[in-house]
Every structure is written in C-alpha cells, then in structure tokens.
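So the structure is just underneath, and the comments pick up after that.
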C-alpha cells in the first residue's frame with residue numbers, strides 16, 4: 001500500500017509572509033523568522049514574499065549572497081504567519097481564504113476579521129528587531145551574513161536609528177548584530193545602504209509611487225501613503241509635477257480619499273508631502289499648514305510614516 005509521507009514528521013507547511021509591496025523589513029523579517037523557527041525544529045515554516053521586491057532589497061540579499069524568499073502572490077488555502085503587518089488591506093492576496101495562525105509585528109494591531117492563536121507585537125522600530133531579539137534570547141547561532149541582512153532591515157526601517165520610532169531595543173539589537181556581522185561602522189554601512197536606495201531620479205512616477213506604498217483604513221476613509229527616502233528631496237523637485245499627475249491618474253482609475261507621497265530627506269530631517277484625493281484638503285487641518293497649489297505641503301522635522309504622518313490622520317478621522 002502506498003503511503004503519503006508528506007508532512008508526517010513536521011506537519012503542514014506554514015508560510016511566513018510580509019505585506020504586499022514589501023519593503024526590506026517585510027522580506028528580511030520573514031526570512032529571519034524562518035531561521036528562528038527552524039532553530040526550534042519547526043522545519044515546516046517557509047518564508048515567502050507576496051509581491052516583487054524593491055531595488056535595495058535585491059541589492060542587500062545579493063551583497064550578503066543570500067536567496068530572496070520565493071514569490072507566492074496568492075495565499076488561498078495556506079496556513080500563514082503574518083510578519084510586519086496585520087492590516088487587512090496590506091495582507092497578501094487570498095488571505096481571506098487562508099488560515100492566519102500567528103502574527104509577528106511592530107505596528108498597531110488590526111485583526112477584526114480573524115484572531116490567530118499566537119500574536120507577538122512589540123513597539124519597536126522594525127520587525128527585524130523583534131525577530132533578532134528572539135534569536136539572541138534563544139541563543140541561536142546567527143551567521144554573519146544573516147546578521148548583516150537583519151542589521152540592514154533595522155537601519156532601513158528606523159532611518160539609520162534616527163527615526164522617532166527608534167527604541168533602545170532597536171539600538172541594542174543593531175549593535176549586537178553589527179558585532180556578529182563584523183560591521184564596525186554602522187554609519188558607513190547605512191550610507192551605502194541608502195545610496196543604493198536613492199535611485200528615484202531614474203524611475204518613472206508610477207514606479208516611485210508603487211515602490212514603498214501602504215494602504216490604510218482611517219475609520220472608513222481610504223488612505224494610501226508612499227514613502228520615498230532620499231539624501232536630498234530638493235533634487236526630486238523636478239519629479240513633483242509628474243508625481244502629482246500620476247496621483248491624479250491613479251485616483252481616476254482607483255479612487256482613494258487621500259493619496260500621499262512622502263519625499264523624506266534623511267539628511268535634512270524634513271518631508272515634502274504631495275497629495276491628491278477628495279479629502280486631501282483635510283491634511284491642512286490635520287497638520288496645521290497649507291497645501292501649496294492644492295497638492296504640496298512642507299513638514300519640517302517629519303521622517304516617519306508610521307509615527308508622524310499616519311497617526312494624526314487616523315486620529316482626525318476617528319474624532320469626526
């Protein structure tokens with residue numbers, strides 16, 4: 001008699017996935033959480049990505065000679081661990097027909113539709129910080145190239161440990177990972193990382209908008225925010241008209257209440273917001289400053305989408 005031996009010893013395959021339009025942290029936290037699970041003997045946990053990766057993710061995996069997790073765009077019928085997100089609008093396609101069994105994240109919890117049996121949420125600057133903490137506390141041997149990969153994700157998500165979302169734990173885990181990776185100068189490593197990310201002038205407007213994009217539901221108001229991190233947002237001024245036109249085009253075909261592109265300057269610590277949508281004018285009340293020409297706003301001292309842009313928007317629409 002033939003016997004199907006698939007998964008007899010290790011159980012059903014469980015896929016670890018970050019959010020759609022994944023940034024570096026979404027891919028690396030899935031990759032490193034697979035390592036953590038395998039170290040515990042859970043070899044049925046497999047890291048995946050649900051969409052194409054950006055340029056800096058490709059570069060850093062190649063730099064450390066590691067394979068990017070495989071692409072699975074639709075997770076219907078699969079068992080899932082969500083990393084670096086919980087919001088339904090950011091989940092992989094087919095999540096409604098999947099079984100979410102665990103969450104590992106550093107954002108606000110949004111699980112109205114499903115409550116998995118295991119949830120780990122920490123208010124750190126990066127999900128890779130959380131996974132790194134798990135690996136270190138469990139005394140798992142982290143290979144130098146994996147440590148470098150995780151350090152890159154923490155640097156990317158915390159804007160070189162300078163973003164308002166950065167915590168003591170982020171700095172501590174980053175320091176321990178840098179020692180393991182043999183990276184003595186984190187600042188130089190961060191500069192190299194952001195140099196490979198700062199390719200915006202070479203991209204078309206639709207490519208820029210879709211590189212690091214997240215959608216949110218603000219009490220029934222649909223909000224989409226793209227973050228563009230650059231060493232000089234003034235150089236991107238020539239792209240602003242093209243970006244605004246693309247935002248308007250997107251709102252004709254895929255209407256949203258507010259669409260935002262954040263041009264975040266990592267050196268000047270400021271942000272230029274480009275916005276469109278039938279509720280875009282609300283941003284003037286939310287941030288207490290005017291939209292120039294109806295689409296452009298300057299926000300000094302603003303770096304973080306998660307901590308400085310999204311929360312006041314959510315707060316405004318919750319109150320009204």
*Residues in the stretch 199-216 that are surrounded by 15 or more Cβ atoms within 10 Å (Cβ to Cβ) and in contact with a helix residue (DSSP H, G or I) (Cβ under 9 Å, 6 or more places away or on another chain): how many?*
11
*Quick one: which of 178, 184 is outside the structural domain of residue 279 (by TED's automatic domain parsing), in a helix (DSSP H, G or I) and at negative phi?*
178
_Give me the residue from the stretch 146-170 that is out of contact with any helix residue (DSSP H, G or I) (no Cβ under 6 Å at 6 or more places or on another chain) and surrounded by fewer than 16 Cβ atoms within 10 Å (Cβ to Cβ) and, out of that set, modelled with the lowest pLDDT._
162
*Could you check, for the stretch 59-67, whether at least one of its residues is in the same structural domain as residue 104 (by TED's automatic domain parsing), modelled with pLDDT under 95, within 25 Å of residue 200 (Cβ to Cβ) and part of a helix (DSSP H, G or I)?*
no
_Residues that are surrounded by fewer than 17 Cβ atoms within 10 Å (Cβ to Cβ) and in a strand (DSSP E or B), drawn from the stretch 271-295_ = 292
*In this structure, does residue 219 turn out to be in contact with a helix residue (DSSP H, G or I) (Cβ under 8 Å, 6 or more places away or on another chain), over 30 Å from residue 190 (Cα atoms) and either at pLDDT below 95 or in the same structural domain as residue 91 (by TED's automatic domain parsing) (or both)?*
yes
*Could you list all residues from the stretch 237-259 that are closer than 25 Å to residue 300 by Cβ, in a helix (DSSP H, G or I) and out of contact with any helix residue (DSSP H, G or I) (no Cβ under 6 Å at 6 or more places or on another chain)?*
237, 238, 239, 240, 241, 244, 247
_Filter result for residue 77 (in the same structural domain as residue 29 (by TED's automatic domain parsing), modelled with pLDDT of 95 or more, surrounded by 23 or more Cβ atoms within 10 Å (Cβ to Cβ) and not in a helix (DSSP H, G or I))_ = no
*So residue 298 fits all but one of (1) surrounded by 18 or more Cβ atoms within 10 Å (Cβ to Cβ); (2) at pLDDT 95 or above; (3) not in a helix (DSSP H, G or I); what number is the exception?*
(1)
*Given the structure, is residue 246 crowded, with 21+ Cβ neighbours inside 10 Å, over 23 Å from residue 306 (Cβ atoms) and modelled with pLDDT of 95 or more?*
yes
_Given the criteria in the same structural domain as residue 273 (by TED's automatic domain parsing), in a helix (DSSP H, G or I), closer than 30 Å to residue 109 by Cβ and touching a helix residue (DSSP H, G or I) at 6+ places or on another chain (Cβ under 9 Å), does residue 135 qualify?_
no
*Among 161, 149, which is the only one that is in a helix (DSSP H, G or I) and touching a residue at least 24 places away in the same chain (Cβ under 8 Å)?*
149
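The values are calculated or read from the model by the stated rules, or taken from the named source; none is laboratory data. Remember, predicted model here, so these are calculated numbers, not experimental data. Virtual Cβ from ideal backbone geometry, glycine too; neighbours counted across all protein chains shown.
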